[in-house]
Amino acid sequence: MTQSVIKLPQSPLGEWEQLTTNEQAWIECIRVISSGADPRPTPDRVRKLQDLLDMG
């Protein structure tokens, strides 16, 4: 049986000030939408996100 490997997205390394204005805006947008409650990434959530973004 073949198992598929799920790669979780990686956050940018470094300090907040090293991010571009666009990256900072996306992070703030996600924080607002999630009310600061970042859900834990699970294989199922990653798959659903990949399907939604047509990355899979």
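The values are calculated or read from the model by the stated rules, or taken from the named source; none is laboratory data. Bear in mind the structure is a predicted one, so any value in this text is a computation, not a measurement. For neighbour counting, all protein chains shown are included, and Cβ atoms are generated from backbone atoms with ideal geometry for every residue, glycine included.
Restricting I30, I6 to residues that are surrounded by 10 or more Cβ atoms within 10 Å (Cβ to Cβ) and either among the polar types (S, T, N, Q) or modelled with pLDDT under 80 (or both) narrows the list to I6. Total residues in the stretch 12-56 satisfying the condition of being outside any loop (DSSP other than H, G, I, E, B), without any contact (Cβ under 8 Å) to a residue 40 or more places away in the chain and not β-branched (V, I, T): the figure is 20.
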